[in-house]
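The structure appears below as structure tokens.
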Amino acid sequence: MKVLVCISHVPDTTSKINFTSDNKEFDKNGVQFVINPYDEFGLTRAIWIKEKQGGTVTVLNVGKAETEPTLRKALAIGADDAIRIDAEPTDAFYVAQQIAAVVKENNYDLVIAGRESIDYNGGQVPGMLAALLKWPFVNGCMGLELDGNKASLIREIDGGKEKLSASLPLVIGGQKGLVEEKDLRIPNMRGIMSARTKPLNVKDATNGDHRTSVGNYEKPAPKSAVKMIDADNIEELVNLLHSEAKVI
Amino acid sequence: MSVLVYIESWEGKFKKNSFEAAQYAAKTAAAIGTEAIGVTLGDLQDDASVIGKYGVKKVISVKGSEFKSFDNYKVAEALKSVAEQQGSDTIIISGTWNGKAVAPVLAVAMDAGLITNAVEVPSSTSPLTVKRSVFSSKGLVEYSTETPKRIIAFIPNSIGVSEGESQAEVAEGSVSIGDVPAMEVTETDRVKGKILLPEAERVVSGGRGMKGPDNWGMLEELADVLDAATACSKPVSDMGWRPHTEHVGQTGIAINPNLYVAVGISGAIQHLAGVSSSKTIVVINNDAEAPFFKAADYGVVGDAFEVVPKLTEALRNFKENN
Ligand SMILES: Cc1cc2nc3c(=O)[nH]c(=O)nc-3n(C[C@H](O)[C@H](O)[C@H](O)COP(=O)(O)OP(=O)(O)OC[C@H]3O[C@@H](n4cnc5c(N)ncnc54)[C@H](O)[C@@H]3O)c2cc1C
Ligand SMILES: Nc1ncnc2c1ncn2[C@@H]1O[C@H](COP(=O)(O)O)[C@@H](O)[C@H]1O
């Protein structure tokens, strides 16, 4: 079983988000970057697959050299090798095209991506990748079991979940449920040592198109000061919700 | 030229977001100077002419059992087919779970530019430019696409809906669905008779301060008087007090209801990331220093077990008198 795990390199969830003074770019100053949380679930799931039925786990990122520590971390967690496609990941379709080119070259059986990157919250790359490959695509995937080349999957839907069956190869946009939080693998000393010698192959980007462009950033308007209401005067809250906030 | 909008339905009934999608499409079409056309897929119980209330004058209704269970590829093929027949170059999709699974597949099928997470109607139509949310609601940015065909998926509850009087003209449509990757839905497990979290206008949410799953009854009662959906913080779903589908925040779902009532939730940055764009936030917490108060519009310092029943009671009285 050859599994490819797509990893995006994103600001840690506790990061304060700032933009450059001309509002043209995200200000990376002082921001700690991590493996996209949804991809962490997928990576651990991939390692379980390998441990149970053999095979390899490759991690891939489309990004510049700054993302290599994130890929090294994925190697320390247990991936066998890493690929970095040397390009700015500014457009989802372009990124999907880059990943599709690697998948076509390497005959993976399964591509695990996350349901969205927590930076741009696009939720586009896995679905576009699947469509480019003409493979089944299960989004919001919270369960994956393999039996030969048959896959049983669970996906989130509005207000519930669905079970599906499909054949490999396929692409998932994964999330928690693939494994639980307590099961997430973290790097140990041996992993960190061995990650240094595992292959991290840097590839040039192939041709691709950009279909979107990014304009000015802004921060959401700040909230006005909170109005505190005495717990013994809860009718006051009801009145405010009605006459001021107009939500009831 | 026209704008096409996917009117999602479930077991023959329209999803609530579909009305907002129709309105989004009607506004976008007006800005471009063209008409908006709705597409329904599958057999319906609801009358498609109601879509007219939201500004869409024409609905193409495509019947057929192939849409009985949701298949992102089949839906994308059908939308592409109708878009070709109607000469539509702009497609509007509501960012529901299913909508999010369709949009990227459709973008590839149609060679379209895709902008997801939109929070407003387009600010400009050439090139098509839309404000979208990024960094889990911690930022906003304008995205543009210059491709001849383009798709916008918006975050539910972003523009709201207002109802007019018109009825849409409904025409039966037929589509050709090519070879698509095979997937089969084997079981669907969906709550019935409850307001669904992603489309809820009002949400009542509980955190670890609720102490245990047995105490959720009072939140459900509060949700009931408010016609609200229920949600929870991450530890609450991690501990299995509530289902995973109710988990909101950076790693749960992001929502932006008109009213978010947070009970016994501290207001960690990852929680706020999923709820901070709610229009009105009420926080009930027994710790006056809880960080959530800084992000709230209205705050009550007090024990949830006393405040929540009182609030439910006060709301009931209010409803009886209004
Ligand atoms: C990578 C990562 C991702 C995360 N993603 C999310 C996410 O998506 N969503 C999310 O919610 N969290 C997320 N978290 C967790 C987050 O950091 C907080 O730990 C979590 O939100 C805290 O949940 P809580 O407010 O329910 O619990 P606590 O922080 O324990 O707060 C409980 C609150 O209840 C109050 N309280 C106690 N008793 C009462 C009472 N009787 N009446 C009234 N109030 C009472 C307390 O004063 C306290 O403020 C994430 C964390 C990480 C590291
Ligand atoms: N630059 C990238 N390199 C590798 N994988 C990516 C990249 N961007 C997105 N992905 C994958 O696609 C998923 C969804 O990302 P997005 O479509 O950007 O929200 C992520 O969880 C990753 O698995």
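The values are calculated or read from the model by the stated rules, or taken from the named source; none is laboratory data. In this text the structure is predicted, and so the values were computed from the model without any measurement. Reconstructed Cβ throughout: ideal geometry from the backbone, glycine too, with neighbour counts over all protein chains shown. SASA here: full protein model, heavy atoms, side chains in, ligands and nucleic acids out. Shrake-Rupley method; radii C 1.70, N 1.55, O 1.52, S 1.80 Å.
Could you pull out every one of the strands (runs of 3 or more DSSP E) wholly within segment A:116-212 that has 1 or more residues that are of a type outside the set (Lys, Arg) and within 16 Å of ligand 1 (Cβ to nearest atom)?
Working: elements: A:137-147, A:150-157, A:160-167, A:170-174, A:200-204.
Strands (runs of 3 or more DSSP E) meeting the threshold: A:137-147, A:150-157, A:170-174.
Condition check: open to solvent by less than 10 Å² (accessible area, probe 1.4 Å) and either more than 23 Å from B:Asp189 (Cα to Cα) or out of contact with any Asp or Glu (no Cβ under 7 Å at 6 or more places or on another chain) (or both). Does B:Pro257 satisfy that? So B:Pro257 passes the test.
Within segment A:235-243, at least one residue is more than 10 Å from chain B (Cβ to nearest Cβ) and modelled with pLDDT of 95 or more.
For B:Gly252, the criteria (1) away from ligand 2 (no atom under 16 Å from the Cβ); (2) under 22 Å from B:Gly95 (Cα atoms); (3) not assigned by TED's automatic domain parsing to the domain that holds B:Leu44 hold in every case but one, which is (1). Scanning segment B:231-241 finds no residues that are within 16 Å of ligand 2 (Cβ to nearest atom) and either more than 9 Å from every other protein chain (Cβ to nearest Cβ) or at pLDDT below 95 (or both). Every listed requirement among (1) within 21 Å of A:Ser15 (Cβ to Cβ); (2) modelled with pLDDT of 95 or more; (3) more than 7 Å from ligand 1 (Cβ to nearest atom); (4) in a loop (DSSP other than H, G, I, E, B) is met by B:Ser277 save one, (2).
Going residue by residue through segment B:198-207, is there one that turns out to be open to solvent by 20 Å² or more (accessible area, probe 1.4 Å), more than 30 Å from B:Gly64 (Cβ to Cβ) and either more than 10 Å from every other protein chain (Cβ to nearest Cβ) or more than 16 Å from ligand 2 (Cβ to nearest atom) (or both)? Yes, segment B:198-207 contains a residue that is open to solvent by 20 Å² or more (accessible area, probe 1.4 Å), more than 30 Å from B:Gly64 (Cβ to Cβ) and either more than 10 Å from every other protein chain (Cβ to nearest Cβ) or more than 16 Å from ligand 2 (Cβ to nearest atom) (or both).
For segment A:143-175, filtering for residues that are facing chain B (nearest Cβ under 7 Å) and farther than 22 Å from A:Gly55 by Cβ leaves 9.
The listed residues are B:Lys131, B:Lys63, B:Lys100, and the only one of them that is within 8 Å of another protein chain (Cβ to nearest Cβ) and among the charged types (D, E, K, R) turns out to be B:Lys100. Filtering segment B:1-36 to residues that are open to solvent by 50 Å² or more (accessible area, probe 1.4 Å), modelled with pLDDT of 95 or more and in a helix (DSSP H, G or I) leaves B:Lys27, B:Ala30, B:Ala31.
Each row is one residue, and each column tells you yes or no for (1) without any contact (Cβ under 8 Å) to a residue 40 or more places away in the chain; (2) out of contact with any Pro (no Cβ under 6 Å at 6 or more places or on another chain); (3) within 16 Å of ligand 2 (Cβ to nearest atom); (4) not in a strand (DSSP E or B).
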position: B:Gly217; (1), (2), (3), (4): yes, yes, no, yes
position: B:Ile284; (1), (2), (3), (4): yes, yes, no, no
position: B:Asp287; (1), (2), (3), (4): yes, yes, no, yes
position: B:Phe292; (1), (2), (3), (4): yes, yes, no, yes
position: B:Gly299; (1), (2), (3), (4): yes, yes, no, no
position: B:Thr312; (1), (2), (3), (4): no, yes, no, yes
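Count of segment A:162-178 residues, restricted to those that are farther than 17 Å from A:Val111 by Cβ and touching a residue at least 60 places away in the same chain (Cβ under 8 Å), is 2. Please specify each residue of segment B:37-60 satisfying the condition of being in a helix (DSSP H, G or I), of a type in the set (A, V, I, L, M, F, W, C) and buried (at least 21 other Cβ atoms within 10 Å of the Cβ). The answer is B:Ala48, B:Ile51. Among the residues of segment A:29-40, those identified as in a loop (DSSP other than H, G, I, E, B) and within 12 Å of another protein chain (Cβ to nearest Cβ) are A:Val31, A:Asn36. For the condition modelled with pLDDT of 95 or more, under 30 Å from B:His271 (Cα atoms) and more than 11 Å from every other protein chain (Cβ to nearest Cβ), A:Glu105 does not qualify. Within segment A:24-55, the set of residues being open to solvent by 50 Å² or more (accessible area, probe 1.4 Å) and within 25 Å of A:Arg155 (Cα to Cα) comprises A:Trp48, A:Lys50, A:Glu51, A:Lys52, A:Gln53. Of all residues assigned to segment B:180-195, none qualifies as being over 29 Å from A:Ala166 (Cβ atoms) and more than 11 Å from chain A (Cβ to nearest Cβ).
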